[in-house]
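So the structure is just underneath, and the comments pick up after that.
Laboratory data are not the source of any read-out in this text; all were calculated from the coordinates shown. Quantities reported herein were computed from a predicted structural model and do not represent experimental measurements. Here Cβ is always computed from backbone atoms with ideal geometry, including for glycine, and neighbour counts include all displayed protein chains.
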């Protein structure tokens with residue numbers, strides 16, 4: 001188990017170094033960032049948008065934005081993967097807001113096969129996390145769509161904590 005976590009730490013440091021080199025104009029280093037993160041960026045965009053063509057367009061735009069902003073990357077504030085995925089998430093949310101919720105009716109709640117439910121979130125928590133994170137709605141917009149007694153910030157926070165603990169048990 002210890003070898004696995006050190007391998008992850010080495011990969012993280014390697015990716016951070018590639019992004020720092022990219023910030024200095026190293027196109028080969030940026031190709032490494034792309035190779036490592038493109039599947040995750042595309043997967044996030046696909047989940048948010050539900051459309052392959054839109055997800056591809058967001059993926060391209062996200063990496064263009066990452067290339068432009070690479071000189072401002074600071075590894076003391078976030079991992080390289082998190083930094084690129086946050087840029088990607090913002091672009092995908094902007095795209096989704098222009099065309100409505102990401103491939104589903106936001107008022108219906110999580111699908112019965114939702115991985116959020118499988119991770120142990122309640123239906124209210126899963127729906128709140130989907131609306132806030134995947135659809136980019138603020139807490140007032142989420143509250144307007146939910147039929148749950150618990151406050152939205154608590155639902156989202158508790159849901160994310162459950163996800164984090166479920167991920168750490170893997």
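Projected onto their three principal axes, the Cα atoms of the range 115-168 cover extents of 31, 21, 15 Å, largest first.
Across the range 2-99, the mean sequence separation of Cα contacts (distance under 8 Å, 6 or more residues apart), normalised by length, yields a relative contact order of 33 percent.
The slack in the chain from residue 114 to residue 160, taken as 0.36 nm per residue of separation less the alpha-carbon distance, amounts to 15.1 nm.
Inter-label distance, residue 72 to residue 149: 4.5 nm, where each label sits 7 Å from its Cα along the C-beta direction.
Give me log10 I(q)/I(0) at q = 0.16, 0.21, 0.25, 0.35 Å⁻¹ for the range 28-68, Debye formula, one equal scatterer per alpha-carbon, no solvent. With no solvent term, the Cα-only Debye profile gives -0.36, -0.59, -0.78, -1.16.
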